[in-house]
Each structure stands twice: as C-alpha cells, then as structure tokens.
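Student: The structure's right below; bear with me while I get my questions together.
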Amino acid sequence: MRAILDSLGEHFEPGGRLERLYPLYEAADTFLYTPGSSTRGASHVRDGLDVKRMMVTVVVALLPCVAMAMYNTGYQANLAISMGANPLDTWQTATLGYLGYAAFDPADIAGCLLHGALYYLPVLLVTFAVGGNCEALFSIVRKHEINEGFLVTGMLFPLVLPPTIPLWQVALGIAFGVIVGKEIFGGTGMNIFNPALMSRAFLFFAYPAQISGDRVWIAADTSVDGTSGATWLAQAAVDGPATFSAGVTWMDAFLGLVPGSMGETSTLACLIGAAVLVLTGIGSWRVMVSGVVGSYLMVQLLNAVGSTTNPLLNVPFEWHVVLGGWAFGLVFMATDPVSSAHTNAGRYVYGFLIGVLAILIRVINPAFPEGMMLAILFMNMFASLIDHFVVQANVKRRKARYAA
C-alpha cells in the first residue's frame, strides 16, 4: 500500500496533473501512515502527541456515549412501541421488524442497539459527508492539508441531536458550524467558538420545533397516552421535583435511560469519557472541577430562594447533573482545547462561570430548560479575555518581584 500511495503521490505534488487536489491525497496518506517529514529545527519541540493522536483519544473517550446513543434511542423507541405506538411509523422501525425484531422488546439489548443505530448512523454519515467535504473544499482553496479537527466535531454533533432530526437539517447545521464557526476564523486551532455547539445553536434557533419540541426525543409515534416525548428536564420545568417520583429514578437518569439528545443522556458514559480525557491529559480537570463547583453553589443559592411559580428553583443538585446536557457539555464541550481558556488559573474561572451560567439559564428561563450549550458558547467569547487578565496579573507580580 505504501508503494501504491507513493506512485500516486507524484500526480499530486507541485507540477503534477492533480496538484490542486493535494490536500485530499495528503489526508488519506497521513490517515493511513505517519507523515514522512518532520520539522528538525532547534526552535521546535518534538512531542509524541500530535493533532491526530489527540483527536483519536477524544473519539475513544466518546465511545461510551456513542454506545448509549444507539442503545437508549432504541430502548426509548421500543418502550414507546410496546406501549402502543405505531411500529411502522418510520423506515427504521419497518427495517427492524424486517430483520426479525418485530416484538420491539425494551429488554432486548441487541434489538435496542440495532434500532438505535438505524437512527444514529444516518445522522453520523450525513455529518461526516457534508462537514468533511466543507473541510476539504476550504483546504483545497487555501492550499493546505486537511486537519483532523473535524474528526471530533463530526463525532460530537450527532450526539447532541434528537433521533428524529431531519437529515437535511443535519447537513445544514454541520455546514454552518464548520464554515461560520471555524473556517471563517482561519480553520482548526483558530476558531473562537466550539463548532459542534455552533451547529446545534444554529439548528435550535432556526428550527426549534425539530430540535427542542416535546415530541422529538423518542424515535416512535408518541401520540398514544403514556408515551410523552418530553425530556425529564423539560418536565421538571412544569412539575419540579415531583417529576422525579413519577416513573423515573435517579439511577435511570444517571445511566441514561431517559428521553433526550442521543448521546447526552448518560452521565455514567460521560464520567468514563472524563476519566479517559483527564488521564491522557487531553481534557482539563480544572475546567471540569470548577464547573461542578459553580453549578453546585448556584443550585444551593436558587434552592434557598425557592419559588412557587418556577418549580426548577427547587430541583436539587443531584438531579441537575444527571439531566439534560450538563455532564456531556462539561466533559466534552467546555474542555475543548481551542475555544476554552489556556492558562491554568483562567481554566478555574472559565469552568466556574460555565457551571454558574448553565444552572442560571436553565432555571431562570423556564421556556429554555437547558443551559449548558449557551453557557459554553457565552464563555467561549470571554476565554481569551480571561487569559489576558491572568497573564497581565502574572506580569505585574513578576515586575514587583524583580523590581530594582
């Protein structure tokens, strides 16, 4: 294979017939093999951790969430169907029945995984097809190699979407995130905002019914009684703590067996991913820990205030962390090494404010019973400013320390 790639490479080198398509050849070559050239100047530090290894590590950390995305999507659909919803409502359920899973048993792990995969995989394929082509197009125009940054963005985006999202909206959302959220800033490493969150924010405000409506979280016809498609966090905005004694346990929410975005429901899967990111040094534990502290203090404050008109003010902290996108956002979105703060002291401030704002947004605004997405995007804008003040404070301390 190495010899074949080398023989093809001469057509993509400067002066070759396919010179303009060199980024496509380089992407395939470096995906299969380590690059054949390296910088050897004295001013450079050689490190075993390159962009490819970093992105692959994040993908490995996401695998538990991917598994839960397929399982819980199938589980919720099978549960709804077993309660009377129409099993032939979509091509996915019809295909599952054709493959021998007509019983739609929620206890059938393989059946749930397969049913969920029929919703998750098309979203994943559309994301990579459209987003990957956008990346390749910009690389060809700018005449530089295709970066591996989209690998993580392409894995994150499907996990923050509901299973019933139309595929054309998936294509539109990821194109917006890649082009407006990253490429106009200069590409990988230059973006201010997290591209996956930019994609979701665009869809949320452009097509709210398809991404946040009560009926979008379960991949089955939920018109029958007892199969509501609302998330438990949205239900808590109406009923408050009483919601959690009506049909779901804390352990169910912790494991991820509740309606929600495909990959966000399982706090356990997020904790496994957090362990991988922290142990490998990819994700900042400072952002995660300070985010937990910020959320905890804000919940305690709001619980102390209380309310008879806004039930979310009475929801305890242990429920906040297992519902919605709180855990997923804090582990995989807030720790983005490009759009987050880069100084250690700044990471404490950055994570703390994300935790505070996430709870504040989801509680004070009952019409939007979430908050992590907007909290992270908001703090992305101020990450560089936080780092600026940290650096300036260090400069002042050094001046005072070494003043003549």
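Student: For the stretch 99-194, with every protein chain kept in place, what is the accessible area per residue (1.4 Å probe, Å²)?
Tutor: Counting only protein heavy atoms, the per-residue value for the stretch 99-194 is 39 Å².
Student: Expressed in nm to one decimal, what extension gain is obtained for the pair A400 and T280 from 0.36 nm per residue of sequence separation less their Cα-Cα distance?
Tutor: Result: 39.5 nm gained on full extension.
Student: Follow-up question, since we're still on this one. Between D6 and A110, what is the FRET efficiency for a Förster distance of 35 Å, r being their Cβ-Cβ separation, to the nearest 0.05?
Tutor: Efficiency computed from Cβ-Cβ geometry: 0.20.
Student: Which value, in Å², gives the accessible area per residue of the stretch 348-404 when a 1.4 Å probe is used on the protein heavy atoms?
Tutor: Each residue of the stretch 348-404 exposes 56 Å² on average to a 1.4 Å probe.
Student: Residue separation times 0.36 nm, minus the C-alpha to C-alpha distance between R142 and A129: what's the value?
Tutor: Length difference between fully extended and current span is 2.7 nm.
Student: Expressed in nm to one decimal, what extension gain is obtained for the pair V305 and F389 from 0.36 nm per residue of sequence separation less their Cα-Cα distance?
Tutor: Gain on stretching V305 to F389: 26.9 nm.
Student: Based on the mean of other beta carbon atoms within 10 Å per residue, what is the order of 143-152, 339-348, 326-335, 273-282, most packed first?
Tutor: Ranking the peptides 143-152, 339-348, 326-335, 273-282 by packing returns 326-335, 339-348, 143-152, 273-282.
Student: So, one more: Tally Lys and Arg at +1 and Asp and Glu at -1 over the other residues with C-beta under 12 Å from the C-beta of Q392: what net charge comes out?
Tutor: +3
Student: So, in nm, how far is label A67 from label M381 when the simple model puts each one 7 Å beyond its Cα toward the Cβ?
Tutor: 4.0 nm
Student: I've got another one for you. Under the Karplus relation 6.51 cos²θ - 1.76 cosθ + 1.60, θ = phi - 60°, what is the ordered set of whole-Hz ³J(HN,Hα) values for the stretch 173-183, x standing for Gly and Pro?
Tutor: x, 5, 5, 4, x, 6, 6, 7, x, 9, 5
Student: Quick check: at a probe of 1.4 Å, how many percent of the accessible area of the stretch 256-348 sits on carbon and sulfur atoms?
Tutor: C and S fraction of accessible area: 68 percent.
The values are calculated or read from the model by the stated rules, or taken from the named source; none is laboratory data. Note that the structure is predicted; figures quoted are calculated from it, not measured. Note: ideal-geometry Cβ built from the backbone for every residue, glycine included; neighbour counts use all protein chains shown. Remember, those area values only see protein heavy atoms, side chains included, never the ligands or the DNA or RNA. Shrake-Rupley method; radii C 1.70, N 1.55, O 1.52, S 1.80 Å.
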